[in-house]
Amino acid sequence: TQLLEQSPQFLSIQEGENLTVYCNSSSVFSSLQWYRQEPGEGPVLLVTVVTGGEVKKLKRLTFQFGDARKDSSLHITAAQPGDTGLYLCAGGFENNNDMRFGAGTRLTVKP
Amino acid sequence: ETGVTQTPRHLVMGMTNKKSLKCEQHLGHNAMYWYKQSAKKPLELMFVYSLEERVENNSVPSRFSPECPNSSHLFLHLHTLQPEDSALYLCASSQDTGSYEQYFGPGTRLTVT
């Protein structure tokens, strides 16, 4: 069974700080997605990365895909209270068509 | 706004009740999914439909019965549930089952008493 491990599980920071969360697997991803889920809502797709070493930016969010396509990181610059939520990574694996979700990182940004 | 709607948003039911969850997608997608989200656990894939045909059933108990009458609508019929079935039930759609980019509805928060 291919698993995605996300770290940290919980993160609480002050407004204006920077942070990085991680998504790791022992298997190679064919593609990887990051989602944000706010309380009482479904996950919302933020980005898809498919190429090893790829970096994508979405305003203050920077997504990086590892060279070996086994890990990814999400960096947020100058976090704001509106960034509060559960950040989920999900990916498909090269050797089958299964898609798996990580358990998520719950981020709280305090004003 | 994701283009995927779910009703009801909240549901409380007894263990002997029968109820149904509804999902509708307005994105023209061909694949639809049911997920269960429990606290501190990864999303659990329950069922996958491609063009109204069920293509995956991840060992889900028979007290959960999906129905996909067309590629825009998906139902989850519930009967004789257990308290441990209380969770957020999420519907999602994607262009097809080969696409990993899924678009989620807001979910139905289910409580079984």
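Values in this text are rule-based calculations from the coordinates and carry no lab data. Just so we're clear, the structure is a prediction, and the values are computed from it rather than from any experiment. Here Cβ is always computed from backbone atoms with ideal geometry, including for glycine, and neighbour counts include all displayed protein chains.
Numbers below:
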read-out	value
Antiparallel %, DSSP beta bridges [both residues in the protein assembly as shown], to 5	90 percent
Residue of A:73, A:30, A:12 that the Gaussian network model of chain A assigns the largest fluctuation, springs spanning Cα pairs under 10 Å	A:12
Total charge dipole magnitude, chain B, about the Cα centre, Cβ charges on Lys, Arg, Asp, Glu only, Debye to nearest 20	540 debye
Exercise: per-residue mean of other protein chain Cβ atoms within 10 Å, B:43-55	1
Using θ = phi - 60° and Karplus 6.51 cos²θ - 1.76 cosθ + 1.60, couplings along segment B:105-111 (whole Hz; Gly, Pro as x)	x, x, x, 10, 7, 9, 10
With 10 Å bins from 0: P(r) over the protein assembly as shown, alpha-carbon pairs, percent	8, 33, 35, 19, 5, 0
D_trans [Stokes-Einstein, Kirkwood Rh over alpha-carbon pairs] for segment B:10-78, 20 °C, 1.002 mPa s, µm² s⁻¹	165 µm²/s
Added length on full extension, which subtracts the Cα-Cα distance from 0.36 nm per residue, residue B:84 to residue B:12	24.6 nm
For A:99, B:15, B:32, order by how many other beta-carbon atoms lie within 10 Å, fewest first	B:15, A:99, B:32
18 Å tail of the calculated P(r), segment B:38-90, as % of Cα pairs	34 percent
Cross-link reach list, lysines versus residue A:57, counting only Cα pairs under 27 Å and skipping chain neighbours closer than eight places	A:70, A:110
Fewest-first sequence of A:4, A:86 by Cβ atoms within 10 Å of each Cβ	A:86, A:4
Sparse-neighbour loop sites [trypsin sites (Lys or Arg not before Pro); segment B:1-78; at most 10 other C-beta within 10 Å; DSSP]	B:40
Overall Cα dimensions of segment B:16-56, principal axis frame, Å, largest first	31, 27, 20
Distance in nm between pseudo-label sites at residue A:67 and residue A:14 (7 Å out along the Cβ direction from Cα)	3.7 nm
Burial ordering of A:32, A:46, A:58, fewest other beta-carbon atoms within 10 Å first	A:58, A:46, A:32
Dipole magnitude of segment A:1-110, debye to nearest 20 (Cβ charges: Lys/Arg +1, Asp/Glu -1, about Cα centre)	160 debye
Under-5 Å amide H pairs with residue A:47, H placed in peptide plane, nonlocal only	A:34
Spread of Cα-to-Cα distances over 10 Å intervals beginning at zero, given as percent, for chain A	16, 49, 29, 6, 0
Test item: Cα-centred dipole of segment A:37-101, Lys/Arg +1 and Asp/Glu -1 on Cβ, debye	200 debye
Amide hydrogen neighbours beyond the local backbone of residue A:54, cut-off 5 Å, H modeled	A:65
